[in-house]
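First comes the structure, then the notes that go with it.
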Amino acid sequence: MADILIVDDNQLACEAIALVLEAAGHQVRQAHRVAEATEAVAAACPQLAIVDLSMPDGNGVDLIRTLHQSHPKLPIILYSGYFAPEDDSEKRANQMDGIVAVFKKPLRNADLLAAIDRALG
Amino acid sequence: MPDSPFRRPALFSRLPASAWRWLLFCGGFAVAGACDAVVAGPGGAPLIPALGAWCLAVGWLWGTAWLAAAVAAVAAFHAWGLGPAPMAAVPGLAAFALAALILRFRRAVPVRWNGAAVAQGGGAALAAVAAAAAAQAATGGLGPDFWARAAFAPAAGALLWLFPLAALIRFAEPRMLPVPPRNRWGWPSGPAEAAGLAALAAAAALIAQSHALGAGTPAVLGLAVLAAALAFNLVGGAACALAAALAADRGADFADAAALNAALAAVALAAGGFAGTMRERMDETAHNLRRYRALLESLPIGLVELDERGLITQANPMAGNIVGCNAADLLGLPFDRLGTWEARPVLAATTRAIRHMRQPEARFVTSFLYRPDSTPREVQVDWVYQRAEHRRRPLRITALITDITARSRALRALKDREHELAERTDLLRITMDALDHGLAAFSPHNTLTEWNARFPAMLNLPSPLARNGTPAIAIFRFLATLGAFGVGVTEGKVRARMNRLLHAPNQDDVPWLAGRHLRFSAHTMPDGGWVWRIEDRTEDLRLRDIEQNRQKMEALGQLASGVAHELNNTLQPIFSLSELGLSQIETGTLASRCFSRITDAAERAETIVRGVLTFARNAPASDENTRIIPAIHDAVAFIRTGLPPQIRLDVAVDDAIPAAAMARLDRRELGQVLTNLVTNAADAMDHAGEIRVECRGDLLLTPGEGDAAEPGGEARPAVAIAVIDTGKGMDHATKQRIFEPFFTTKDEGHGTGLGLAVAFGIVRNWGGRIDVDSDPGLGSTFTVWVPLLEPESEPAEGEPDGRHPDRR
């Protein structure tokens, strides 16, 4: 049972994933903007962060970079609706520091939970 | 003949000239005969000599026919037995012979009806009388009656009769004997004076001969003769005065005195007349010569006269001008010396040739260069020569020299300009022919005058119509027969069409035969003609279509991509929550089945979105290198398993493709492209028939055309994979939209309309393109152009497909 931060500007998707994670027993915090995410992390560092790439007030990649600098141990799962099929931006994202998994939307519950389990070890 | 102020009586003008001659001849003859008879009595000795002189004069004045008539008259008198002895006829015959000789040499020139001619006649008569005197002297010997026998007096009397007769003729028929209006001293010598003086002289002679009136008579006679001579000539008159003075001194024997007086008067008269004639002639000659000189000097052409040896005897100033020296310096030079070295032999040969020519006269032309100093001039020489029929007269050669340097130069300049014009015309023609446009010029009367090679080719005009002078309407009628204006067009419609195409500035592309598009425009020319320009717009329109299509696909891709990403975001909660819901309830319940369907629908939506993204994406090229031929075979083998058994799928691979040909692409993508194309083909054939996949190699894919990813690059070697079906085909409008996402001709519910769009997107990402060739009812051919890798980037022999960039 872990403290997980979900950062996604799409509230419907964010809440749906939060529901799935809560059903799986995790404690979930939600942030819809980069600023909210930064505040949440500053308040209490989560055990895992799930971050969408596009934000209304910033870039997911920059957020990930900031998070990794301030909390190098924080595992981050990146997901986005903007990865095209077989797009190599997905591969490139995979190589960023701090990222443990990359998904493209829509992602399946089983895949997400398995990745979380792996990340939390 | 100058107009005479004298007016002829109407009576005479009504008589013909020949009648006049007869009248004069007979009348003169009768008067002379009567006078002689009065003097010497019938049968007197003087008759015959008088007749002889008369014959001579008549012959001289009127020609040989009259002379013959006169001789016949003499013979008749002789036969009549009135003559003293046969020898008396000798003077007449001698006179005849002399006259005949003179006439012979004068070649029967037209008689000049003036005083000089009459005086010449007198001279001739005098010669005849001298001959008669010599003959009589020979027969009768010299003696006291010699003068009488010599018949000077009657002969001279007859001679004197000439003058009144001439005056009479002048009075009656001025056309026959016109009188010089004035003699050279301004003495009035009109016909009236002449006649009066001559009549006076005649009367005096008659009186003197008829009656012996004493010693004073000869002086009177001499004065009369003087007056008569004065009427004609001053010198002659002076001679007569001298003779009269001499005669007055003799004064002894009347007969002798009269005869001598008359003879002297005649001699003086004749001499005076002759001298006057000579003077007149010399004046005339001098005048002619002056005129000739003036003419020569003012001639704009050079005139050179040559003698028989080719030496210059005369040259006018212009000739000197042309040659470049004084005309006088030319005299005595050989003519050929004037020419250039090249021309000299020609000139010499020409002179020689003229010398040996047989024709009495000729003209011909040679042209060559003269070299006066350093600048040769081009001249033309007209040769004129006259060979007199008399051998002693020298050959006269005249060379007329025309300086044609300027003319030749102008001619050459003209030829140069013509040449230049021809060159420009050629250039224009070549330029016109090199144009892509069809050009045709029409005259103001709407007939074809000029056109370039493209013009008949564009309109499919046969050569009989592509001809100078073809009326424009004929061309349009022909086009109508080709069906260019639709089916069953009337003449009026053809004309209307012509006027619209030719005379309205028209920028529309006109659909033409064989799927082509032409644009017509007409430009009016200043002379009222017009130039018709035809532009083949087919290729432009095709490229424009392609470009428009590309832009459309790009816009569609952006739109689809945006929509797809939003859909992905939206699909996320559907997936998450339906799966969560499913996990929270027992399987088999209605709710479980509901959640399960929701998940299925979401998956279906996900597939569609992925297809759209595949169509729309613009990803960098794959880093996989794939052997194209095995990949095609694998893909076809896989596709075949999924096809219904009624469909045959054949593969043909061109030998030109090397087995090791590589392309930078993902073989799964190749499989997807081929699957989508074959599926589309199978749908078009209602799932029965034959589909062929043909691969052709040795091709070049030109960039900048179609949908190549990198326009403007170099042409690359490529493989074309054609998927050919025998299905229902499609029309142009369908072809235009066939690759648009969600465009489908299939029934509702069959197919998503994404298959070809996905294939399009994938192939574009390879840097290739897909072409469609299809006609309704004739099946379709989709050709996928796959750019190949350059041979040097191929992996070494024996290595598996691609996927090892790190090893290179």
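The values are calculated or read from the model by the stated rules, or taken from the named source; none is laboratory data. For clarity, every value in this text was computed on a predicted model and none was experimentally measured. Cβ sites come from the backbone with ideal geometry, for glycine too, and all protein chains shown count toward neighbours.
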Residue among B:371, B:393 that is among the basic types (Lys, Arg), loosely packed, with under 15 Cβ neighbours inside 10 Å and modelled with pLDDT under 75: B:393
Qualifying positions in segment A:1-15 - more than 21 Å from residue B:565 (Cβ to Cβ) and either assigned to a loop (DSSP other than H, G, I, E, B) or facing chain B (nearest Cβ under 9 Å) (or both): A:1, A:2
So residue B:461, is it at negative phi and in a helix (DSSP H, G or I): no
Residue ID - farthest from residue B:736 (Cα to Cα), chosen from residues in segment B:510-531 that are surrounded by 15 or more Cβ atoms within 10 Å (Cβ to Cβ) and touching a Ser or Thr at 6+ places or on another chain (Cβ under 9 Å): B:529
Selection count, segment A:101-121, where residues are within 21 Å of residue B:606 (Cα to Cα) and of a type in the set (Asp, Glu): 1
Test: residue in segment B:693-700 that is at pLDDT 85 or above, more than 18 Å from residue B:756 (Cα to Cα) and in contact with a helix residue (DSSP H, G or I) (Cβ under 9 Å, 6 or more places away or on another chain): yes
Residue tally, condition polar (S, T, N, Q) and buried (at least 19 other Cβ atoms within 10 Å of the Cβ), over segment B:454-481: 1
Selected residue (criterion: farthest from the other protein chains (Cβ to nearest Cβ)) from residues of segment B:589-615 that are among the β-branched types (Val, Ile, Thr), closer than 14 Å to residue B:752 by Cβ and surrounded by fewer than 21 Cβ atoms within 10 Å (Cβ to Cβ): B:608
Flag for residue B:769 being more than 22 Å from residue B:692 (Cα to Cα) and of a type in the set (Lys, Arg): no
Exclusive hit being over 27 Å from residue A:55 (Cβ atoms), away from chain A (no Cβ under 14 Å), touching a residue at least 40 places away in the same chain (Cβ under 8 Å) and surrounded by fewer than 19 Cβ atoms within 10 Å (Cβ to Cβ), set B:534, B:546: B:546
Residues located in segment B:664-684, provided they are crowded, with 20+ Cβ neighbours inside 10 Å, touching a helix residue (DSSP H, G or I) at 6+ places or on another chain (Cβ under 8 Å) and either among the small types (Gly, Ala, Ser) or part of a helix (DSSP H, G or I) (or both): B:667, B:669, B:670, B:673, B:674, B:676, B:677, B:678, B:680
Selection from segment A:16-38 of residues that are surrounded by 18 or more Cβ atoms within 10 Å (Cβ to Cβ) and assigned to a helix (DSSP H, G or I): A:16, A:17, A:18, A:20, A:21, A:34, A:37
Odd one out for residue B:779, checked against (1) over 25 Å from residue B:547 (Cβ atoms); (2) small (Gly, Ala, Ser); (3) at pLDDT below 85: (3)
Residue that is over 23 Å from residue B:456 (Cα atoms) and either among the hydrophobic types (A, V, I, L, M, F, W, C) or more than 14 Å from chain A (Cβ to nearest Cβ) (or both), where the choices are B:555, B:514, B:522: B:555
Selection count, segment A:100-121, where residues are away from chain B (no Cβ under 14 Å) and under 17 Å from residue A:82 (Cα atoms): 2
Meets criteria (in contact (Cβ under 8 Å) with a residue 60 or more places away in the chain, more than 14 Å from every other protein chain (Cβ to nearest Cβ) and outside any helix (DSSP H, G or I)) for residue B:586: no
Tally of residues being more than 7 Å from chain A (Cβ to nearest Cβ) and of a type in the set (Asp, Glu) across segment B:565-583: 1
